[in-house]
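The values are calculated or read from the model by the stated rules, or taken from the named source; none is laboratory data. Note that the coordinates shown come from a computational prediction; the quantities given were computed from them, not determined experimentally. Cβ sites come from the backbone with ideal geometry, for glycine too, and all protein chains shown count toward neighbours.
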Amino acid sequence: MLKPLYRATLLLAVSALSILSAPAHAVEESLIDGLEYRLIGPWRGGRVTAVSGVVGNPQLYYMGATGGGLWKTNNAGVTWSNISDGQIPVGTIGAVAVAASDPNVIYVGTGEAPIRGVTTSQGKGLWKSTDAGQTFTFMGLPKAGQIAKIEIHPTNPDIAYVAAQGQIWAPNEERGVYRTTDGGKTWDHVLKVNPDTGATDITMDPTNPRILYAGMWHHGRKPWYIMSGGEGGGIYKSSDAGDSWDKLEGGLPGLIGKVGIDVPAADPSRVYAIIEAEPEKGGLWRSDDYGKTWKLINNHRVLHSRAWYYIHLAADPSDADTVWVLNTGLYKSVDGGKDWEQVKTPHGDHHDHWINPANSLNMINGNDGGATVTFDGGKTWSSIYNQPTAQFYRLVTDNQDPYRLYAGQQDNSTVSIASYAWDGAIGEDDFYAVGGGESAHIAFDPDDPTLVYATTINGTLTEYNHDNKKTRYIIPYPEHVYGQDSKDLKYRANWNPPVITSPHDHETIYYGTQMLLKSTDRGLNWEEVSPDLTRNNPEHMGRNGGPLTPENVGAEFYHTIYAIVESEKDKGTIWVGADDGLLHLTRNGGRSWSDISPPHKGEAMINTIELSPHAEGTAYLAVTGYKLNDFDPYIYKTSNYGKSWKRIDDGVPKGEFVRVVREDPVVKGLLYAGTEEGMFVSYNDGGEWQSLDLNLPPVPITDLRAREDSLAVATQGRAFWVLDDIWVVRQARNAPTNKAVHLYTPPTWQMGKPGSRVRSYEGKNPSKDVPLYYVINDEVSEDTELTIDILDASGRIVRRMSNKESDQDRCRIGNMDPRRPFEITYPKTEEGMNKWSWDMSSDEVKCIDNIVLQAGYAGPSVAPGRYTARITIGAATDEATFEVVKDPRSIASDRQIREWASSIEEVKGTLDDVLIALDTARKARSQIKSLMANHDDEELQRLGEAAIADLDTWEQQITQLKFETYEDEDAWATMLDGQLRYLMDVIDDSGAPVTDGAKTRHADLSREWQQRQLELNDITENYITPINRWAGNMELGHVVRPGS
C-alpha cells in the first residue's frame, strides 16, 4: 500500500481534457495502488554485515544485508527469504542475535557498522521477534545510529546488550553500550564514554554472563575524512553484568582505534582482540588472564588494514587456539594467533562470522557478496547467487528490445541486464559486466551500445566492446592514486566519477574530475574543456583518514565533479554539478562557464541533474547533504538555465534525503523522486509529493529511468526493479472519482512478448497480456455481476469475461487433469483499483463434459487491430480503445496476417462444430438408452442397439476415450478434436504467414470432418429418425438430432 502522505480528492469535472494538459493535484491512493514493481534481479548477493546461526538447528540461519533487510534460510543457504519487509522500516541491518535459550527470540539492530561513504544508510533502532521472525516489534534506541553487535544472556532471553556505534556523520550522546533486563521494553545506557566514542563490538564470557568485554571506538566522518582513534577508545570490561566498567590497559596501546573482540568458550580466560593502533602496535592481541595483561601476537597489516571497514574476529568456541580474523580475506589461526592462513570464500571483504558451538566445521560468513554457509570448515560454501541484495549506483538504459539496464554494483562489477528475457525469466545468462567497476557511471550510444564507457574507483575509465568482449583502459592521465593526497594529483576523480557520451555525437565522451575532460576519439586523446568547477579547498584534499589509519583510496576524494548532463536539444549546453554543491553551465561547449549553483545552505552533493524533456532551460536537481549530517530532502527547479531556483520538495518527509528526480518524458510536470527510504511522485511539478512505494521493499532508491511505458529503478540493497505500467500513473491525475467505475486506457500493445515463467533465482518478466486497470469507486455487493467485453473495430464481441462462474468454467473444471491443475482468474469487484489481463485471445473453445482435450480450451489469438475494452458493473459502464500491433519480429504483410487470422478462426470454428456435434450425439445416445430401458419394444430395441453401436464407433473417431491425463497421448492416438486443437495452436504460435503444410493439414482435417458429418447424418437417417417416428406414435419425447 501507499504511504498515507496525501489523500487529497481529485476535483476534476468529467470532460474530455487531455491527460497531457489536465490540472494536476495529489492523486487518491486508490487510483494507483494496484500497480506493482517487478523484481528483475540479478540474484547476486550484496553486502552482508550481520549473520547468525541457531544453536541446535544447523539448517537455520539469519543474515542482515546493508540495504536489503533481514533474511532467513531453513536449508543452510540453499534458499533465502526476506522476513523484515513490511515490518522493519529500513533495509540496513547492523546486528542480529538469536537467543540460545529460546530460538524464537531474535534481536535485530539496524544500521550497518562497516560504513561506506555512499552506500551506507542510517540505522533507526532495534527490533525484536518472539516467533522466529514471523513478526517484529520496535524496541527502541531510535537515535543509536549504527548498531554493531548484540549479545543475549545464555539462559534469559530478556537480558541483552547492544553495542551502539552511533550516528555516521556527527557525534551523538547515544553512543555506547545498552542493556535491557525486560526483553527490550526499557534500556539502560550502561557504558557511555563521550559523544565521539561508540561501541563497535561486545562479547560475553560464555561461561559467566556477568563478564562482558566491549570494544569502544572514537570515530567520525566528513565527506573528505575518516576519523578513527582518540580519547575514550579501547577495550572495556564489566564483571557485574554491565553495572560498572573498567578500561583495560595491561600493555595495550595508548591510542586505540576500532576494536573487535571475542572469548572462546573452551578457555574463557583467553580474550582475543583485533586492534587498530599506531604503526607496529595494531594487529591481533591476546590476553590469557581475563584481560588483565595483553600481548601483541601478530601485527601483520593483512589482519588490520582499512580498519574502519573491517576489524572483526571470531574465536572458535571449542578450541581456544583457533581464531578467525575478518578482513579483505578470511584468515584462520590454529596456534593462538601466531600464524595465519587464508580460507577461500565465494567473495571477499568479510564482516561477520558465526561458528556453531556444537560443530566448529559449521559456520556462516557475511561478506560483501552476501551470506554463505559451510559444513566443512570453509572448504566449500553455499552459493551467493541466490540473494537479490545488490547495491547499485547510477542507472542508464538503452533502446534495445528488450531494453537493458546498466549500473555498477557495490563491491562487484558493472552489470548490464535485460528488462525481460525471451525464455520467460531473467537469469544469469541475461546479465554481464561492461567494464568499469563497482561505483560506475556508464555511457554509450543507446541505439547501438556496442561500445560502453564505464568508470570506477581511483579514476579508472574503460571502454568495453561488446562485439569482441575486449575492455581497454582510456584513463586520461593514468596515475596510481592509492595512498596519494588528492591535492597532489593532476586529476582528482570522485569514487563515483561521472562519464557521458554526447547525445548529438556518441563518439564524443565527457568525463568528470575537478574539471570536465572531453575526447572525440574513443579516449585516445583528451582535452580540458573547463577550469576547476569545484570549491577547490586544499584543507579538504589532504590525508583522508587519521589519526591512526590513512584512507586515501578515492572514496573521500572531495571537490570533484559528480554529475554531467548535456542537453539533447542544444548541442554544447552542458550542466556540471560537483560533490561540494557547485553547479556550472556552458552554452558553448565549454568555451565559457557560468556558476549557476542553487542557493543551498552550505555544501552538499549535486547528486542528480535532470534536464526537462519538455522545456529547454528547465532542470531539476536532487541535492544531498547527508555527508554533512543533513538528511533533509532537497529538490530544486530552474526554468531559466539556473538564473533562479526554487525548492519543490514539500511533502517528502524530513529525514528522507532525495538521491534522484526525473521528469516523465510524456507528461510535463509529472515527476518521480527516489529517496533514502523509497519512491515518490508529484503530479504538479513538485508542488505536492506522495508515495509511489507500492510493493517496493524499504530500500534506498539510487537512480531512476523512465523507459517506454515503464520506470526502471536502481536500489541500494535490493537489486533492480521495474514499474511496468506507468501509463496508469500518467493517466491517474485525470481519473474521475465521481464515476462508479473508471477504466484506464492501455497503450498500444505489442504481440509476441514472451510472458513470464519465473523459476528460483530469476527475475520476473512482464506479462505479455494487455492489462486492464479499472477503479471501482463504491463498495459492490457480492451478487453484482461485472463483465468485461473486448470488441473489435467492427463492434463484434471477441471475448467476454465475467466475475461469475459460467457453464464453460464449470465444464473446464470438471474436465481438469490432476496432472495439470489450474485456477480461473475472475475480474475482481473490490473497491479501489483492480486489474484483469486480456491475453489477446478470442472466446474459448466450446467445452463439453467428459473429454480430455490435452491443449485445453483457450481461444486463439486475435489479429492486430483496434480494440475496445468495455467494463460493465450493474448499470455503470466505461470503455477504453487501444491498438494491438503485430510482433515486431514478424515480416508478414497485412494480407498474410489477415489470412492467418482467418485460418485460425476457421479451424476454431470447425473444432467448435466437432465438439457441439459430439455433445449432441452423446445426448442422443443417452436419450435412446433411456427409451430402451423404459420400453420393451422389439423394433425400438433393434434400432436403438444399432444406433448406439454406430454412435460409439463414431465417438471414437472424434475423441480419444482412453485419455485421462497428459502422458496418455504418448500411448494412444489423438483423434479429430485434438488434431484440430493442435493445428490451431501451430498456426497461432507460428504466426503469419500460414505455411503450406498447415494449409494442407487444414484441408485434410476439413475433409475428415465432412466424412464424420456424413456418417452422423447416416446414423440420424437410418436410426434416429425412425426412433423419433416410433416415439411420436407413442407420444413420447423425441431424441435430439446429433449435430443440431
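Within the range 407-414, is there a residue that is in contact (Cβ under 8 Å) with a residue 24 or more places away in the chain, out of contact with any Ser or Thr (no Cβ under 7 Å at 6 or more places or on another chain), farther than 26 Å from residue 70 by Cβ and crowded, with 24+ Cβ neighbours inside 10 Å?
There is at least one residue in the range 407-414 that is in contact (Cβ under 8 Å) with a residue 24 or more places away in the chain, out of contact with any Ser or Thr (no Cβ under 7 Å at 6 or more places or on another chain), farther than 26 Å from residue 70 by Cβ and crowded, with 24+ Cβ neighbours inside 10 Å.
Within the group 843, 878, which residue is in a loop (DSSP other than H, G, I, E, B), in the same structural domain as residue 766 (by TED's automatic domain parsing) and crowded, with 16+ Cβ neighbours inside 10 Å?
Values: 878 fails: in a loop (DSSP other than H, G, I, E, B).
Residue meeting the stated conditions: 843.
Please list, ordered by first then second residue, the pairs with beta carbon atoms under 8 Å, 6 or more apart or interchain, first in the range 642-657 and farther than 22 Å from residue 122 by Cα, second of a type outside the set (A, V, I, L, M, F, W, C) and exposed (fewer than 12 other Cβ atoms within 10 Å of the Cβ).
Close Cβ pairs satisfying both conditions: 645/599.
Identify, by number, the condition in (1) in contact with a Leu (Cβ under 9 Å, 6 or more places away or on another chain); (2) more than 22 Å from residue 987 (Cα to Cα) that residue 831 doesn't meet.
(1)
Does any residue in the range 505-527 that is outside the structural domain of residue 471 (by TED's automatic domain parsing) and in contact (Cβ under 8 Å) with a residue 24 or more places away in the chain come within less than 9 Å, Cβ to Cβ, of a residue that is assigned to a strand (DSSP E or B) and surrounded by fewer than 19 Cβ atoms within 10 Å (Cβ to Cβ) six or more places away or on a different chain, and which pairs are these?
none
More than 20 Å from residue 753 (Cβ to Cβ) and either without any contact (Cβ under 8 Å) to a residue 40 or more places away in the chain or of a type in the set (Phe, Trp, Tyr) (or both): is that true of residue 898 in this structure?
In short, yes.
Does residue 290 meet the test of being of a type in the set (Phe, Trp, Tyr), in a loop (DSSP other than H, G, I, E, B), under 30 Å from residue 540 (Cα atoms) and touching a strand residue (DSSP E or B) at 6+ places or on another chain (Cβ under 9 Å)?
no
Only one of 316, 339, 335, 349 is in contact with a Ser or Thr (Cβ under 8 Å, 6 or more places away or on another chain), of a type in the set (Asp, Glu) and surrounded by fewer than 20 Cβ atoms within 10 Å (Cβ to Cβ); which?
339
Any residue that is part of a loop (DSSP other than H, G, I, E, B), buried (at least 21 other Cβ atoms within 10 Å of the Cβ) and either touching a helix residue (DSSP H, G or I) at 6+ places or on another chain (Cβ under 7 Å) or hydroxyl-bearing (Ser, Thr, Tyr) (or both) - is there at least one of those in the range 421-434?
Yes, the range 421-434 contains at least one residue that is part of a loop (DSSP other than H, G, I, E, B), buried (at least 21 other Cβ atoms within 10 Å of the Cβ) and either touching a helix residue (DSSP H, G or I) at 6+ places or on another chain (Cβ under 7 Å) or hydroxyl-bearing (Ser, Thr, Tyr) (or both).
Please indicate, with yes or no, whether at least one residue in the range 57-65 is touching a residue at least 40 places away in the same chain (Cβ under 8 Å) and either of a type in the set (Val, Ile, Thr) or assigned to a loop (DSSP other than H, G, I, E, B) (or both).
No, the range 57-65 contains no residue that is touching a residue at least 40 places away in the same chain (Cβ under 8 Å) and either of a type in the set (Val, Ile, Thr) or assigned to a loop (DSSP other than H, G, I, E, B) (or both).
Within the range 305-335, can you find the residues that are of a type in the set (Phe, Trp, Tyr) and closer than 17 Å to residue 52 by Cα?
Matches in the range 305-335: 324 only.
Filter the range 1-52 down to residues that are among the hydroxyl-bearing types (Ser, Thr, Tyr) and either in contact with a His (Cβ under 9 Å, 6 or more places away or on another chain) or at pLDDT below 50 (or both) and give me whichever is surrounded by the most Cβ atoms within 10 Å (Cβ to Cβ).
Applying the first criterion (among the hydroxyl-bearing types (Ser, Thr, Tyr)) to the range 1-52 yields 6, 9, 15, 18, 21, 30, 37, 49, 52.
Still in the running and either in contact with a His (Cβ under 9 Å, 6 or more places away or on another chain) or at pLDDT below 50 (or both): 6, 9, 15, 18, 21, 49.
Working: 6: 18, 9: 11, 15: 9, 18: 8, 21: 10, 49: 31.
Looking at residues that are among the hydroxyl-bearing types (Ser, Thr, Tyr) and either in contact with a His (Cβ under 9 Å, 6 or more places away or on another chain) or at pLDDT below 50 (or both), I get 49.
Got a number for residues in the range 528-539 being within 37 Å of the chain's Cα centre (by Cα) and in contact (Cβ under 8 Å) with a residue 60 or more places away in the chain?
1
Please enumerate the residues belonging to the range 527-578 that are among the hydrophobic types (A, V, I, L, M, F, W, C) and crowded, with 20+ Cβ neighbours inside 10 Å. Even if it seems obvious, please write down each step before you answer.
Taking the range 527-578 first, the residues among the hydrophobic types (A, V, I, L, M, F, W, C) are 529, 533, 541, 548, 553, 555, 557, 561, 563-565, 574-576, 578.
Across the range 527-578, the qualifying residues are 533, 541, 548, 555, 557, 561, 563, 564, 574, 575, 576, 578.
Given the condition outside any strand (DSSP E or B) and more than 22 Å from residue 77 (Cβ to Cβ), answer yes or no: does some residue in the range 340-349 qualify?
yes
Among what's in the range 269-302 and is farther than 17 Å from residue 202 by Cβ and among the polar types (S, T, N, Q), pick the residue that is surrounded by the most Cβ atoms within 10 Å (Cβ to Cβ).
Only one residue tops the list, namely 298.
Tally up the residues in the range 83-132 that are of a type in the set (A, V, I, L, M) and closer than 18 Å to residue 144 by Cα, please.
Just the residues of the range 83-132 that are of a type in the set (A, V, I, L, M), to begin with: 83, 88, 90, 93, 95-100, 105-106, 108, 113, 115, 118, 126, 132.
Right, trim to closer than 18 Å to residue 144 by Cα and you get 88, 90, 93, 95-97, 108, 113, 115, 126.
So the answer is 10.
Can you confirm whether the range 107-118 contains a residue that is modelled with pLDDT of 95 or more, polar (S, T, N, Q), buried (at least 19 other Cβ atoms within 10 Å of the Cβ) and in a loop (DSSP other than H, G, I, E, B)?
No.
Right, residue 638: within 24 Å of the chain's Cα centre (by Cα), among the hydroxyl-bearing types (Ser, Thr, Tyr) and outside the structural domain of residue 535 (by TED's automatic domain parsing) or not?
No: the conditions fail for residue 638.
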